[in-house]
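Structure, as structure tokens:
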Amino acid sequence: MSISRGSIRKAVIPAAGLGTRFLPATKAIPKEMLPIVDVPTIQLVVEEARNAGIQNIVLVNGRQKVAIEDHFDHAYELEHTLSERGKKDLYEQSHAISSMLRLISVRQKQPLGLGHAVLCARPAVGDEPFAVLLGDDLIDSDDDPGIGQLCRVYERTGAGVVAVMEVEPGQEKLYGIIDAEPMQDGLLRVRDMVEKPDPSVAPSRMAVIGRYVLPPEIWPLLEQGQPGVGGEIQLTDALQKLARQKDGPGLVAMQIRGTRHDAGHKIGYLRANLSYALKRPEMRAEVLDLMRELLGQHA
């Protein structure tokens, strides 16, 4: 296998999930298209990748997810109508989405887990390092895209990189938790990983969140992966092997600078909507007034 060690050009976004947490809204609409104020969640993730200099998105898609592909395609009728009606700003917004970067769509034909979803992207990624961005996780970091921070670490170290955050005691059972030792530059050298451990035996409170930069050595580890609970191939298992390898590139972890929103859960999704709305000058005052009004009604 000829391995490229250059800058990160490609990102994988798994988007084949059924979105059952948001039923009935996701019965006909992909959960990735649910809006944060007025921007689809997945567009914010794609913009993060673009702002980090990534040129190609490999979308791991499923049935009934064509709306995602359509969103990043040209909408000739819409754009023509907006142009004819003199709505220049809206026209430019719509046109810019389709010109954002190159989108490649591949199918995950069976729901066999995150590790399997990433493996489905291999023909489109090839033997080069790549980023993975989970559409449920939003990283609000205006001046320095979260995935770009990980890319720079990969380019400096050649090791796989995972984003982590410290969780509250008792929350370890909800995440993949790392066992790691500090490095000189503020990174953590990952020795091992445990998926959703009981808090009493968790090796730390540092939890992996949905941003990764992976070396091509991850491919054979994913291919060797055995289905676990629910018949799924877990990305955590391959990352664990990468961390344990004595002669491989290894695995490091870093805490991303920025605010993370878990948009895959209802409260996290609502929090993201409020947070992004408050950042918009034209909305901030009215949103604050609305929040005060609702708090007064439900106090």
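Separation of the alpha carbons by more than 30 angstrom is noted, of Lys88/Lys109; Lys10/Lys241; Lys10/Lys65; Lys65/Lys241; Lys10/Lys31, for Lys88/Lys109; Lys65/Lys241. Among Thr259, Thr26, Thr41, a tally of other beta-carbon atoms within 10 Å of each Cβ gives an order, fewest to most, of Thr259, Thr26, Thr41. Cα-based values for segment 209-299, radius of gyration first and Dmax second, are 20.8, 61 Å. Helix-only arithmetic for the chain: the sum of -39500 (n - 2.57) across DSSP H runs with n ≥ 4, divided by the residue total, places the mean residue ellipticity at 222 nm at -10500 deg cm²/dmol. Stokes-Einstein diffusion for the chain at 25 °C, viscosity 0.890 mPa s, with a Kirkwood radius from C-alpha pairs, works out to 121 µm²/s.
Taking 0.36 nm per residue of sequence separation and removing the Cα-Cα distance, the Met100/Leu78 pair yields an extension gain of 6.2 nm. Counted residue by residue at 0.36 nm each, then reduced by the alpha carbon distance between them, the extension gain from Asp70 to Arg271 reaches 69.6 nm.
Please report the antiparallel percentage of the DSSP beta bridges confined to the chain, to the nearest 5. Before the final figure, lay out the partial values.
Numbers: 25 of 43 bridges.
That works out to approximately 60 percent antiparallel.
What residue among Met254, Met183, Met165 shows peak mean-square fluctuation when the chain is described by a Gaussian network model with Cα springs under 10 Å? Taking springs between Cα atoms under 10 Å, the residue moving most is Met183. Across segment 128-136, rounded Karplus estimates of 3J(HN,Hα) from the backbone phi angles (6.51 cos²θ - 1.76 cosθ + 1.60, θ = phi - 60°) give 9, x, 8, 9, 10, 10, 7, x, 7 Hz, Gly and Pro being marked x.
Considering only the other residues whose Cβ falls under 14 Å of the Cβ of Lys173, what net charge follows from Lys and Arg at +1 and Asp and Glu at -1? Working shown, then result.
Details: positive: Lys196, Arg205; negative: Glu168, Glu172, Glu195, Asp198.
The answer is -2.
Summarising the amide proton neighbourhood of Ser105: residues at separation of 5 or more, or on other chains, whose placed amide H is nearer than 5 Å comprise Leu59. Considering only Pro182, Gly170, Ala202, the residue lying farthest towards the positive end of the dipole of segment 163-225 is Gly170, judged by Cα position with unit charges set on Cβ.
Laboratory data are not the source of any read-out in this text; all were calculated from the coordinates shown. On a predicted model such as this, the values are computed, not experimentally measured, just so you know. Here Cβ is always computed from backbone atoms with ideal geometry, including for glycine, and neighbour counts include all displayed protein chains.
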